[in-house]
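Right, one structure below, let's go through it.
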Amino acid sequence: MENVALDQSVRKVVEIIREKAEADGLKLSRVISPGSGRINWRIKNQELICKNLKPEVIGVSLTSNYALKPLNRFPS
């Protein structure tokens, strides 16, 4: 049940982003969901994401084995 709700939520968010992008004259690439099993996504491709985005802005870092690791933003 939660997968259906999550899938519907993701579709709605993508629809909203697509509408905003088109209003600005932009287009979206296809939506990918690494780990979903729906696409062939190699874990090494996460390096490409981090090279094109600033992962620290969304609170993650890339490990040496290409996993995305949450940053600890709270003092311990």
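Every number in this text was worked out from the coordinates using simple rules, so none of it is lab data. Bear in mind the structure is a predicted one, so any value in this text is a computation, not a measurement. When we count neighbours, we look across all protein chains shown, and the Cβ atoms used for this are built from the backbone with ideal geometry, even at glycine.
With +1 assigned to the C-beta of every Lys and Arg and -1 to the C-beta of every Asp and Glu, and no other charges, what is the dipole magnitude of the chain about the Cα centre in debye, to the nearest 20?
Details: 13 positive and 8 negative charges, 51 e Å.
Rounded to the nearest 20 debye, it is 240 debye.
What range in the chain is the longest one free of trypsin sites (Lys or Arg not before Pro) that are in a loop by DSSP and have at most 12 other Cβ atoms within 10 angstrom?
The reported range is 43-72.
Lys/Arg Cβ at +1, Asp/Glu Cβ at -1, dipole of the chain taken about the Cα centre: which of N52, S29, V14 is farthest positive-ward?
Final value for the positive-end residue is N52.
W41 to K27: extension gain in nm, 0.36 nm per residue of separation minus the Cα-Cα distance? Don't skip to the answer; put the middle values down first.
Working: separation 14, 0.36 × 14 = 5.04 nm, distance 2.18 nm.
Length gained between W41 and K27: 2.9 nm.
Please report the equivalent ellipsoid semi-axes of the chain, computed as sqrt(5 x eigenvalue) of the Cα gyration tensor, largest first, in whole Å.
Each semi-axis is the square root of five times an eigenvalue, giving 25, 17, 16 Å.
Let me have the relative contact order for the chain, percent, based on Cα pairs under 8 Å that are six or more residues apart. Don't skip to the answer; put the middle values down first.
Details: 38 pairs, mean separation 12.2, N = 76.
That works out to 16 percent.
Please arrange D24, D7 by counting, for each residue, the other beta carbons lying within 10 Å of its beta carbon, fewest first. Walk me through the numbers before you get to the answer.
Details: D24 6, D7 12.
Placing the least packed residue first, the sequence is D24, D7.
Run the numbers for E19 and T63: contour at 0.36 nm per residue of separation, minus the present Cα-Cα distance, in nm.
Working: separation 44, 0.36 × 44 = 15.84 nm, distance 3.42 nm.
Additional length available on full extension: 12.4 nm.
Once both axes come from the Cα atoms, what is the angle between helix 2-23 and the longest principal axis of the chain, in degrees from 0 to 90, rounded to 10?
With both axes taken from Cα atoms, the answer is about 70 degrees.
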